[in-house]
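Enquirer: Sharing a structure with you now.
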Amino acid sequence: MKLFTVTLGIWWFASSIIPAYAAFFNGQNYVPIGDWARANGLHCAWLKHGDELVATNRTARLVFDVDSHYADINGVQVALSFPVANQKGVALVAQFDLDAAIRPLLFPSRYVKPAVIRTICLDPGHGGRDTGNRVGWHYEKVYTLALAGELRDQLRKAGFNVILTRTRDTYVELPDRPALANQRGADLFVSLHFNATPAGKDEVEGPQTYCITPVGASSTDAQGEGSNHGPTPANRDEDESLLLAYQIQKSLVQNLDANDRGVRRARFAVLRDARMPAILIEGGYMTHPYESRKIYSTAYRRQMAQAIVKGILAYQKLTLPPPPVVPPATNHHPAKRGGKSSATHPPEKRSSPPRNSTADAGF
Ligand SMILES: [Zn+2]
């Protein structure tokens, strides 16, 4: 990997300080993690010199591993689009990943649009002639529908409207699934799946949660999506989707005491046309000898539904709009999307320096 240094006259990253240099490789601007951390009120130190770096403050703990495509953010693995680097003993991270994978999680009040969640669209994966994964006599489509039914009941108890892309063993085309959520004005879209692996069946286990890949980056899992890295409708809500995926993944891992397979990125057909925060949960591995038994049990799916509800509530807590102080005098329409007016959307959020240096975050 060829690495070279460029001097930048003015370089705004997460704060208004000007670092001495940045690096450019992988086609990306890289910045020293230590500089970024200090500018954002985090203390930075090597855990393993030259290899593993930690940035901490009162509420956040971020661990970066050199050459890794993941960052550990308060105990949850979050996929990066470009690997962490070490240049002459200085750990570097792509500015792209600070913008697209770190800041929305650390500073949701600044980077995530506020909105009230009223209607949630659940998408039980597969159905009808599409069985999904098959392990012995177990079909994925059966367990995604069972989980969706449990989750629907729990979300309704929590006060949400819930719609499903299918309620029976029927085949629904992939584009029709987000299309239904769009037509019905859903505020969130949650697709439910279970995983399988041909290799390492005894070792590979645990949930993983996907959200849309940022524009210009490759997906964590790019099956069948081709080389088009351009914008999709879902990219409009990519920060919100990332925060939702993170909160749900964290809740799944903590509440199920499960192995963390991370927050990942993909341009899945059911995600890319969604016009609301949209995620896809792979709830665990049907090929794992122990996890599969849990997936096939009603009690465990109930626990999993509870964990997903907790994740959604944690996301809602971080994204609630501030209460109105005075009734608006103008002809403001309340909100099909719960008050997502342009007034609450930061106009230049990717280039605006933060207003303070304390992580407000969702931890
Ligand atoms: Zn599936």
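The values are calculated or read from the model by the stated rules, or taken from the named source; none is laboratory data. What you see is a predicted model; the values in this text were computed from it and never measured. So basically every Cβ, Gly included, is an ideal-geometry build from the backbone, and we count neighbours across all protein chains shown.
Enquirer: Please go through the range 77-89 and pick out each residue that is part of a strand (DSSP E or B) and either in contact with a Leu (Cβ under 9 Å, 6 or more places away or on another chain) or among the acidic types (Asp, Glu) (or both).
Expert: Once the filter is applied, which keeps residues that are part of a strand (DSSP E or B) and either in contact with a Leu (Cβ under 9 Å, 6 or more places away or on another chain) or among the acidic types (Asp, Glu) (or both), the range 77-89 yields Val78, Ala85, Asn86, Gln87.
Enquirer: Go over the candidates Ala234, Ala307, Ala269 one by one and state the one that is of a type in the set (Gly, Ala, Ser) and in contact with a strand residue (DSSP E or B) (Cβ under 6 Å, 6 or more places away or on another chain).
Expert: One residue alone meets the criteria, Ala234.
Enquirer: With the condition kept exactly as written, say whether any residue in the range 51-62 is touching a residue at least 12 places away in the same chain (Cβ under 8 Å), farther than 29 Å from Glu150 by Cα, of a type in the set (D, E, K, R) and surrounded by 18 or more Cβ atoms within 10 Å (Cβ to Cβ).
Expert: No, every residue in the range 51-62 fails to be touching a residue at least 12 places away in the same chain (Cβ under 8 Å), farther than 29 Å from Glu150 by Cα, of a type in the set (D, E, K, R) and surrounded by 18 or more Cβ atoms within 10 Å (Cβ to Cβ).
Enquirer: Please verify whether the range 177-194 includes one or more residues that are away from the ligand (no atom under 16 Å from the Cβ), within 24 Å of Lys310 (Cβ to Cβ) and polar (S, T, N, Q).
Expert: no
Enquirer: For the range 247-257, does any single residue satisfy the condition of being farther than 21 Å from Tyr300 by Cα, more than 16 Å from the ligand (Cβ to nearest atom) and modelled with pLDDT of 95 or more?
Expert: no
Enquirer: Is the range 157-172 home to any residue that is in a strand (DSSP E or B), in contact with a helix residue (DSSP H, G or I) (Cβ under 6 Å, 6 or more places away or on another chain), of a type in the set (Ser, Thr, Tyr) and within 16 Å of the ligand (Cβ to nearest atom)?
Expert: no
Enquirer: For the condition among the hydrophobic types (A, V, I, L, M, F, W, C), within 16 Å of the ligand (Cβ to nearest atom) and not in a helix (DSSP H, G or I), what is the one hit in Leu92, Leu122, Leu147?
Expert: Checking each option against the conditions leaves just Leu122.
Enquirer: At least 2 residues that are in the same structural domain as Pro178 (by TED's automatic domain parsing) and free of Cβ contacts under 8 Å to residues at least 12 places away in the same chain in each: list the helices (runs of 4 or more DSSP H) lying fully within the range 212-296 that qualify.
Expert: Of the helices (runs of 4 or more DSSP H) lying wholly inside the range 212-296, those with at least 2 residues that are in the same structural domain as Pro178 (by TED's automatic domain parsing) and free of Cβ contacts under 8 Å to residues at least 12 places away in the same chain span 291-295.
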